[in-house]
There are 2 protein chains.
Amino acid sequence: MAQAPNCFKPLAIACPASTAPQNVICVTAGISALPVSIMPVQPMPESSLLSPLVDIVGPRNALTDPADMAPYLREWRDLYQGETPLVLRPGTREEVSAILAHADRTGLKIVPQGGNTGLVGGQIPNDSAREIVLSLGRLNRIREVDAQGYTMTVEAGCTLQAIHDAADEVERLFPLTLGSQGSCQIGGNIATNAGGTAVLAYGNTRDLVLGLEVVLPDGRVVEGLRGLRKDNTGYDLKQLFIGSEGTLGVITAAVLKLYPRPRAQDVAFVGLASPGDALELFTRARARAGAMLTGFELMPRVGLEFSVRHLTGARDPLQAPSPWYVLMELSSGTEGEDGENPTRTLMETILGEAYEAGLVEDAALAESVAQAAAFWHLRHGMSEVQREEGGSIKHDVSVPVASVPAFLSEAIAAVEKMVPDCRPVPFGHMGDGNIHFNVSQPVGADKAAFLARWDEMNELVHGIVLKFGGSISAEHGIGRLKRDLLGEVKSPVEMDLMRRIKAAFDPNNTLNPGRVL
Amino acid sequence: MAQAPNCFKPLAIACPASTAPQNVICVTAGISALPVSIMPVQPMPESSLLSPLVDIVGPRNALTDPADMAPYLREWRDLYQGETPLVLRPGTREEVSAILAHADRTGLKIVPQGGNTGLVGGQIPNDSAREIVLSLGRLNRIREVDAQGYTMTVEAGCTLQAIHDAADEVERLFPLTLGSQGSCQIGGNIATNAGGTAVLAYGNTRDLVLGLEVVLPDGRVVEGLRGLRKDNTGYDLKQLFIGSEGTLGVITAAVLKLYPRPRAQDVAFVGLASPGDALELFTRARARAGAMLTGFELMPRVGLEFSVRHLTGARDPLQAPSPWYVLMELSSGTEGEDGENPTRTLMETILGEAYEAGLVEDAALAESVAQAAAFWHLRHGMSEVQREEGGSIKHDVSVPVASVPAFLSEAIAAVEKMVPDCRPVPFGHMGDGNIHFNVSQPVGADKAAFLARWDEMNELVHGIVLKFGGSISAEHGIGRLKRDLLGEVKSPVEMDLMRRIKAAFDPNNTLNPGRVL
């Protein structure tokens, strides 16, 4: 299991769900809203209810030993921990169907779980010890790879990495790219509509799914494993399951879109004066490169300093410091003629024009695959290095792309006013308008005191996000963490429609109760 | 109004809805299934029910004169004709809301209509004279164009052409491309999830929508005009309205995705021996060009012959005949250095390699914009020219891309066996697996007798489509035309979920009753 970031540890310790009194405000976003901490512990379901479930998967795949169950009951940051009488590991869709049918009939509650990498608590049972964990990990076959049709049919428990590898074997690309791809599973990626660093060119997970096989809460199966690019026959049911975080059905398999594997790639590390200049560079790069622009990530100087300080082997690619940096990636399906690299030529054109226009202070182009990886390492390490600098208050937000500079300007000023000398480290997917607006504590300040202002700072930053028409959960979803915030950002009409959908699909509230809605 | 294709005229005449006895089987797909022809004519709604609607939009925008209403009551092929007591032309979202609220309270039925270019009868009232037409054409403002954020906010009644023009003004592309773009409206495009020739590179209309403003059947408004690239806050409600053909809500405005406007483009007209070779060329071209491959359209020799025979100024671009042709388009965001065209170089590489591999018999590259337009004209004229060759039985179908050759081989053999000497003209979006499988009558045969076998041939071809996991409505939707076929291609579980959604969103069945479900 991955090491939990330090910043979360005191939070979990400060507010263990089972002992917190009702008026405790836990020092992280939305924790105060969790029903878990105020829910009276109920007795376990009777064994007569549970034993049919054990019969369905067999005793070997019905875990009850606390040590066996432990990995399914807490996530890597220790922010969520739960209890369950049973972890079920079905091996077939038919077993999933039988489990749900039984639960729906008898009032048992089911929490589906993939690779357990979710960040909003959706996959962890609450501490009532009445929710049963349904782990999809054994449904891990790649059923079919269709290189000519650019599709792949996979079961929910396939890791994202296994899917990448299978696509690579036939010279194809499955573009979804996440830090957790070695352990996260495609079923969870689809259920949460995962984002990542390739959204700019290829879209969110929703855009990468052609068909779904889903088991409904009552055990019926939606056989939707269609690999069609065009199909206008009635309502597109799969869209409802994508991003519903396991509250409407359990995804057991999917048909995914594949893409051509890039044959040439170039990465530049660019120093700029401001996010406004970064936006202008993005606009020009996109107009020039079109779909060949496959990465555009923003980082502040302080973030680069953190990386250089704490990442082994990291160094500043540029001679002189700039206030802001962009990592820009171009990809092409063509290798180019006579050794000429088409992405290199295009990169030089874009950066040359931007330099002439005064938008770029300095830029370094990766001269090798290793150097490109080193540039990406500075970006991918940015989450990790922040915990070496003390407490960090996080926001997973998005605004319209053109509003990123104005949002940053206002949000940075606001948090600096709220906590003088704090160090904002806003970074991320500028091309999607998705900024991880993280704020590190002032140097030498008291970490716990800083983190105690988590909710207050969230409220401040989310208020600015909403003013720009933004989202308070760009990538991670709602789960349990932001469940009580949903009603603040959606209208009563939207909330009503969501509840009607939940009632239509899961009238007995069998699946993931208390998540999302 | 566009000239109706000849082939449809006798159909409408042969079976006027108001006089057909119950046992008449109309000679076109699914017409026999329409409830229209057997529905007893009911009295008009009382004027006391209608007059509040007139008050909402004002008498000038509440049409009751038969001549004024005529254009809203039939579509261009005369396949569907209806009656209504009232055509309403609201000018604001608030008026739409007030109209629906009144209708929902009083039991009136509402048929939303955009540019009236739909091909499945969804936008035409039935002949009960009890359905009120809600025309969205006056909601035609482009509210905002955000070039840096690559978004545009438009009202439902904007024509697709107006949106293209507004994007072009800021050097952006809105890629949805349809034959009817001068008159179709974006609200209808979204409600039907329109396809077209740019799906290969940019996706269906669904993929081009970031946010929607929708009036629900009870008059409440879903304010979802968000322009975010990433937003994981609850169920993605807009996905349900997209493609629901006006049965769940009335779209009044949308935020659309824009793309960089291509700076270089190349078009080739390629002769090949078989659809199998075309598939192999597609596979190679896509692997080479990636997202730069923006068009890949298949045509048979007989289709080209029709075009050369009937399209003014059309000529065969190649010296010798080939059994099949592909129109291939490459686009690039870059103009290229020193006058070198990057798409030309890539096109030559792809075709050169394919020629070496024996996949390509001959190919012509467009040497000018005019020549490229002439190649596209051969493709776009293909629907039109078929009516010059007598009766034509149509199928709007898709199969997985890799199955296109096998599907074509089997379907062609089947229809040729059913009607000896018939002339299959399967053409269209090979890169999406979407083939317009049209079949022209034998030379000199009786047209009416050939068309009388429409349903029989549909059943034959659809059966083969389904065997390949395909769709019987790839682009055009269900509407009234294929309503009774839906239950044959969707499972009882899928039908049940669709009905639950309809009941949750439109419990009084106020919107577009008898369409889709």
Kindly provide the helix-only [θ] at 222 nm of the protein assembly as shown, computed as the sum of -39,500 (n - 2.57) over DSSP H runs of four or more divided by all residues, to the nearest 500 deg cm²/dmol? -9500 deg cm²/dmol
Restricting to Cα pairs below 8 Å that are 6+ residues apart, what does the relative contact order work out to for chain A? Please round to a whole percent. 16
Report the accessible area of residue A:238, computed with a 1.4 Å probe over the heavy atoms of all protein chains in place, in Å² rounded to the nearest 10. 40
Shielded residues, region A:469-517 - accessible-area loss of 30 Å² or more between chain alone and all protein chains, probe 1.4 Å: A:471, A:474, A:490, A:493, A:494, A:497, A:498, A:500, A:501, A:504, A:505
For the A and B pair, go ahead and give the buried accessible area with a 1.4 Å probe, both sides summed, in Å² to 100. 7500
With an 8 Å cut-off on Cα pairs and a minimum separation of 6 or more residues, tell me the relative contact order of region B:152-272 in percent. 33
Can you tell me the orientation of helix A:404-418 relative to chain A, as the angle in degrees between its alpha-carbon axis and the longest Cα principal axis, to the nearest 10? 80
Angle between the Cα long axis of helix B:301-310 and the longest principal axis of chain B, 0 to 90 degrees, nearest 10? 70
Which FRET efficiency value, to the nearest 0.05, is calculated for residue A:466 and residue A:499 with the Förster distance at 25 angstrom and r the Cβ-Cβ distance? 0.70
Let me confirm one metric for peptide A:185-195, namely the mean number of other chain beta-carbon atoms within 10 Å of its residues' beta-carbons. 1
Which links in A:238/A:467; B:417/B:467; B:238/B:482; A:230/B:109; A:238/B:502 stretch past 20 Å when you go from one Cα to the other? A:238/A:467; B:238/B:482; A:230/B:109
Average Cα contact separation per residue, region A:268-374, under 8 Å, 6 or more apart, as relative contact order %: 45
Charge dipole magnitude, Cβ of K and R +1, D and E -1 - region B:264-383, Cα centre, debye nearest 20: 520
For residue A:363, which sequence-distant residues (separation of 5 or more, or a different chain) have an amide H within less than 5 Å of its own amide H, given hydrogens modelled in the peptide plane? A:271
So how long is each side of chain B along the principal axes, counting just the alpha-carbon atoms, biggest first, in Å? 75, 57, 44
Considering only the other residues whose Cβ falls under 14 Å of the Cβ of residue A:512, what net charge follows from Lys and Arg at +1 and Asp and Glu at -1? +2
Inter-copy separations for residue A:143, label at 7 Å along Cα-Cβ, nm, ascending: 4.1
Rounded to the nearest 10 Å², the accessible area of residue A:259 using a 1.4 Å probe with every protein chain kept is 40
Environment charge at residue A:354 (Cβ cut-off 14 Å; Lys +1, Arg +1, Asp -1, Glu -1): -4
Taking residue A:447 as the anchor, which lysines have their alpha carbon closer than 17 Å to its alpha carbon, excluding any fewer than eight residues away along the same chain? A:9, A:394
Can you give me the Rg/Rh ratio for region B:72-210, using Cα atoms for both radii and the Kirkwood formula for Rh? 1.00
Alpha carbon centre of region A:203-239 versus region A:118-179: separation in Å? 15
Surface accessible to a 1.4 Å probe, residue A:467 within the full protein complex, Å²: 130
Within a 10 angstrom radius of each residue's Cβ in A:282-294, how many Cβ atoms of other chains show up on average? Whole number is fine. 6
Output, in nm with one decimal and in ascending order, the distances from the residue B:484 label point to the matching label points of the other copies (7 Å from Cα along Cα-to-Cβ). 5.5
Charge dipole of region A:264-383 built from unit charges on the beta carbon (Lys, Arg +1; Asp, Glu -1), centred at mean Cα; most positive-end Cα among A:317, A:306, A:274 is A:306
What does the charge add up to near residue B:187, with Lys and Arg as +1, Asp and Glu as -1, over the other residues with Cβ less than 15 Å from its Cβ? +3
Calculate what fraction, in whole %, of the accessible area of region A:142-260 sits on carbon and sulfur atoms when a 1.4 Å probe is rolled over the protein chains. 44
Looking at chain A, identify the longest residue range that excludes and avoids all GluC sites (Glu not before Pro) in DSSP loops having at most 16 other Cβ atoms within 10 Å. A:172-334
Please work out the average accessible area per residue across chain B, using the 1.4 Å probe convention, and give it in Å². 35
At 7 Å out from Cα toward Cβ: residue B:499 inter-copy label distances (nm, ascending): 2.6
Distance between the C-alpha centers of region A:383-438 and region B:53-83? Whole Å please. 54
C-alpha long axis of helix B:47-57 to longest principal axis of chain B, angle in °: 60
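The values are calculated or read from the model by the stated rules, or taken from the named source; none is laboratory data. Source: prediction; values computed, not measured. Note: ideal-geometry Cβ built from the backbone for every residue, glycine included; neighbour counts use all protein chains shown. In case anyone asks, the SASA skips ligands and DNA or RNA and just uses the protein heavy atoms, side chains included. Shrake-Rupley method; radii C 1.70, N 1.55, O 1.52, S 1.80 Å.
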